[in-house]
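J.: Please read through the structure below; I'll follow up with questions.
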Amino acid sequence: MQLSSKGSTWDEIDFEFLGNLSGDPYILHTNVFSQGKGNREQQFYLWFDPTADFHTYSILWNPQRIIFSVDGTPIREFKNMESIGVPFPKNQPMRIYSSLWNADDWATRGGLVKTDWSQSPFTASYRNFNADACVWSNGASSCKSNAPSSTKGAWFSQEMDSASQQRLRWVHNNYMIYNYCTDAKRFPQGLPPECKMA
């Protein structure tokens, strides 16, 4: 699932399952793009088999933060740090997309495992989809910054409470398998500025 705007300087919020070898854990991949630049990946194993039943995958996106959650447990928070020069996706309308696509050139063990097309067709199922969002119409948002808070949903200013922050730390300590903020080889000139604030 992804939220994405259009154009060469698009914004995008990704929530993706990467391929795996049969029997290996599934990897949940997240990324945030702003003004056409991503490279803000975090990846996680899950504490359950995501193919055994339906689960709730949520993105809370407001002007202050993006929170990725699984069954109500936050797994990632990307805060708005425009004050230190980190672009944040908040100025472009986005659409939600859901698809299956072939990314075997990078997604499955770094491209080592190719798609087994003999297992096709591949399917994904969804239920109870819900969106509470600002609506972009005629060049304006239904959530104008100067509009009274009563006209916006509670999500518009939502942040994590101490229990949510504790659950987020639990996920990071036990299930995070990749964090761009710790990948010094990838960023030899220095980690991105938001990484130094964590």
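The values are calculated or read from the model by the stated rules, or taken from the named source; none is laboratory data. What you are looking at is a predicted structure, and each value in this text was computed from that prediction instead of being measured. Glycine gets a Cβ as well: all are built from the backbone with ideal geometry, and neighbour counts include every protein chain shown. Quick note on the areas: whole protein, heavy atoms, side chains included, nothing else; ligands and nucleic acids left out. Shrake-Rupley method; radii C 1.70, N 1.55, O 1.52, S 1.80 Å.
J.: In whole Å, what is the distance between the alpha-carbon centres of region 17-55 and region 67-112?
T.: The distance from the Cα centre of region 17-55 to that of region 67-112 comes to 10 Å.
J.: Got a number for carbon plus sulfur as a percent of the chain's accessible area, 1.4 Å probe?
T.: Working: 6150 of 12390 Å².
With neighbouring chains kept in place, the figure for the chain is 50 percent.
J.: Is the shape of region 158-198 best called rounded, prolate or oblate, per the rule: a/c under 1.5 gives rounded, else a/b larger than b/c gives prolate, else oblate, with a ≥ b ≥ c the square roots of the Cα gyration tensor eigenvalues?
T.: Values: a/c = 4.22, a/b = 1.81, b/c = 2.33.
Because a/c hits 1.5 or more and a/b fails to exceed b/c, region 158-198 counts as oblate.
J.: A further question on this structure: I want to verify a result. In a Gaussian network model of the chain, Cα cutoff 10 Å, which of these has the top mean-square fluctuation: S69, S137, S58?
T.: So, out of S69, S137, S58, the one fluctuating most is S137.
J.: In Å², what does the accessible area per residue of the chain work out to with a 1.4 Å probe?
T.: 63 Å²
J.: Right, here's the next one. In degrees from 0 to 90, rounded to the nearest 10, what is the angle of the helix 162-174 Cα long axis to the longest principal axis of the chain?
T.: In the chain, helix 162-174 runs at an angle near 30 degrees to the longest axis.
J.: With label points built 7 Å along Cα→Cβ from the Cα atoms of F122 and R186, find their separation and express it in nm.
T.: Each label point is offset 7 Å from its Cα along the Cβ direction, giving 2.1 nm.
J.: Taking only DSSP H segments of four or more residues, each worth -39500 (n - 2.57), what value at 222 nm results for the chain once the sum is divided by all its residues, to the nearest 500 deg cm²/dmol?
T.: Dividing the helical sum by the residues of the chain leaves -2500 deg cm²/dmol.
J.: Right, next: Would you please give the FRET efficiency between T56 and N91, computed as 1/(1 + (r/R0)^6) with r the Cβ-Cβ distance and R0 = 30 Å, to the nearest 0.05?
T.: So, using R0 = 30 Å, E works out to roughly 0.60.
J.: Which value, in Å² rounded to 10, gives the accessible area of L100 with a 1.4 Å probe and all protein chains present?
T.: Accessible area, nearest 10 Å²: 100 Å².
J.: Using a 1.4 angstrom probe on the protein heavy atoms only, line up S164, S142, S22 by accessible area, largest first. All intermediate terms of the calculation are to be shown ahead of the outcome.
T.: On the way: S164 20, S142 65, S22 125 Å².
Result of the area sort, largest leading: S22, S142, S164.
J.: Over the alpha-carbon set of the chain, work out the extent along each principal axis and list the three values in angstrom, largest first.
T.: Rounded to whole Å, the extents work out to 53, 42, 39 Å.
J.: Here's a follow-up. Starting from the residue with the highest accessible area, list W106, W136, W61 in decreasing order, probe 1.4 Å.
T.: Most to least solvent-accessible, the answer reads W136, W106, W61.
J.: Kindly count the pairs of lysines across region 1-123 whose alpha carbons are less than 23 Å apart, treating pairs on different chains or eight or more residues apart as eligible. Spell out each step's value before the answer.
T.: On the way: K6/K37; K6/K79; K6/K90; K37/K79; K37/K90; K79/K90.
So the count works out to 6.
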